[in-house]
Every structure is written in structure tokens, then in C-alpha cells.
Amino acid sequence: MIIIKINKKNFIGKKNKGDTLVETLFYIALFAVLSIAVINSMITMMKSFKETAIQRELAQGANIMERISREIRGASSVSFTNSNDIILTETGKTLEFKMSVGTNYIQLIDTPTSGSPTIANLNPSNVAVSGLTFTQITTAKGVAVKVFLTIYSNHDTSSRTENFYDTIVLRGDY
């Protein structure tokens, strides 16, 4: 009969000297891979958020165009100082849409028949207007105005523009 003496120290608590270094390197590598994955997903999310914000800013041009169209539709007569400015005559007030030179804003000047004018910018500061054109269309049956609006976002590094078109018939001319 052979008797083998088993020493508990050989199985419990004793490690090879290189195991701790290998484990540490493994955990550092795992942490680095996970960190890169998290940072990459955060960068992708931030790019998506920025793109969504730019698209939302460009979509604000539809609100500007809707306001201009609504006011032209409600006017009883129109006159033009140049292709970038239009003066609308309504009951009790005069409205003027003009592109402010050098600031890329569309200004709305609301002048009541009795009182001082009110000036407001139609586009917010993060949206700039690069083009605004009014063209009068006169037919035997009435008057219409064709509007062409081009805007861009001040935050967009790729300089994309958005164009908006509308043709509006004045009230009572249809």
C-alpha cells in the first residue's frame, strides 16, 4: 500500500507567480475594449443628436413660410419696393416683410393705422436666411404672389440649405 501525503498548501492559497500579472493585463485589455465601445457609441449618439437638431432648425423654414403665406393671403393689396420686400395692406394695418441686409433675418414690420410700428424677426438666431424673393403674378382675374425662401442653419458645418416655395392668391381674387 502506497501512502501519499497531501499538503493543503499545494492546492489552496498558492499561485504561480505569473498568474497575477496575466490576470491584470487581461482585465486592463477588457476594460480598454469596453471603454472604446462605450466612447464610440457616445460619439455616434452625439452626432445623431446634432444632425437631428440641424434638421429641426431647417424645418423652421416651413413656419416662416406659413406665416408669410397667411399674411399675404389675408391682404387686400400688395406692393413691392424690390424683389426682397413686400408691403401688404390689410384692414387697419400695413405689414412689411423685408430681408434685413447684413443680418440674414426676415423682419416683419407691423404698422397699425394709428400707432407706431412693431418690428419682429421671423427667424430665430440659429436659422439664417440666404434668400427671399417675392414675385407678383397678375392675371385678368386677380393677383397672386410667388414666394421663394432659402434658409440654412448656423450650426451646420456642411452648409446645407433648405428651399421653400409657395404661390399665394390674395383674398377675394379667387
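The values are calculated or read from the model by the stated rules, or taken from the named source; none is laboratory data. The structure displayed is predicted, hence computed values, not measured ones. Note: ideal-geometry Cβ built from the backbone for every residue, glycine included; neighbour counts use all protein chains shown.
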Enumeration of residues in region 155-172 that are surrounded by fewer than 13 Cβ atoms within 10 Å (Cβ to Cβ) and assigned to a loop (DSSP other than H, G, I, E, B): H155, T157, S158, S159, R160, G172
Subset of region 106-128 (residues that are assigned to a loop (DSSP other than H, G, I, E, B) and among the hydroxyl-bearing types (S, T, Y)): T113, S114, S116, S125
Within region 138-154, is even one residue in a loop (DSSP other than H, G, I, E, B) and under 30 Å from K47 (Cβ atoms)? yes
Name every residue in region 125-141 that is at pLDDT 85 or above and in contact with an Asp or Glu (Cβ under 9 Å, 6 or more places away or on another chain), in order of residue number. N126, V127, L132, F134
Can you tell me which of (1) loosely packed, with under 15 Cβ neighbours inside 10 Å; (2) under 27 Å from the mean Cα position of the chain (by Cα) is the one A128 doesn't meet? (1)
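Condition check: out of contact with any strand residue (DSSP E or B) (no Cβ under 9 Å at 6 or more places or on another chain) and either buried (at least 17 other Cβ atoms within 10 Å of the Cβ) or polar (S, T, N, Q) (or both). Does T81 satisfy that?
No, not satisfied.
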